[in-house]
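The values are calculated or read from the model by the stated rules, or taken from the named source; none is laboratory data. Everything numeric in this text was worked out from a predicted model, so none of it was measured. With ideal geometry, Cβ positions are generated from the backbone for all residues, glycine too; neighbour counts draw on all protein chains shown. Areas reflect the complete protein model, heavy atoms only, side chains present, ligands, DNA and RNA absent. Shrake-Rupley method; radii C 1.70, N 1.55, O 1.52, S 1.80 Å.
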Amino acid sequence: MSKLGTISYGIRTPIIKRGDNLVKIVTKSVLDACKENNIELEDKDIVGVTEAVVGISQANFATVDQ
């Protein structure tokens, strides 16, 4: 039994803009980060994406002026 608990990493992505293919960007960014840092993804690993990033890609957000 592993004595290691949950580990989380912040993944750097390009700037997300309206209409961007979020799946493509997230997949490439995660795989690149794993390769660069010698991290192996395993079955049942979870990749979370913040609500803010999803909202930006769908143009579903409020601006400062609003």
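Computed over the Cα atoms of the chain, pair by distinct pair, the Kirkwood hydrodynamic radius stands at 13.9 angstrom. For Lys35, the lysines whose Cα falls under 20 Å of its own Cα, not counting residues fewer than eight places away in the same chain, are Lys24, Lys44.
Using heavy atoms of the protein chains and a probe of 1.4 Å, the accessible area assigned to Val64 is about 150 Å². Accessible surface for the chain, divided over its residues, is 96 Å² per residue with a 1.4 Å probe. Expressed as a whole percent, the accessible surface of the chain that belongs to carbon and sulfur atoms is 53, based on a 1.4 Å probe. In this structure, Lys24 and Lys44 have a Cβ-Cβ separation that, at R0 = 25 Å, corresponds to a calculated FRET efficiency of about 0.60. Around Ala59, under 12 Å between beta carbons, what's the net of Lys plus Arg minus Asp minus Glu among the other residues? Net of charged neighbours comes to +1. Computed from Cα atoms, the angle from the helix 22-36 axis to the main principal axis of the chain rounds to 40 degrees.
The slack between Val54 and Ile7, meaning 0.36 nm per residue of separation minus the straight C-alpha distance, is 14.7 nm. Only Lys, Arg, Asp and Glu carry charge here, each on its Cβ (+1 for the first two, -1 for the last two); on that basis the chain has a dipole of about 100 debye about its Cα centre.
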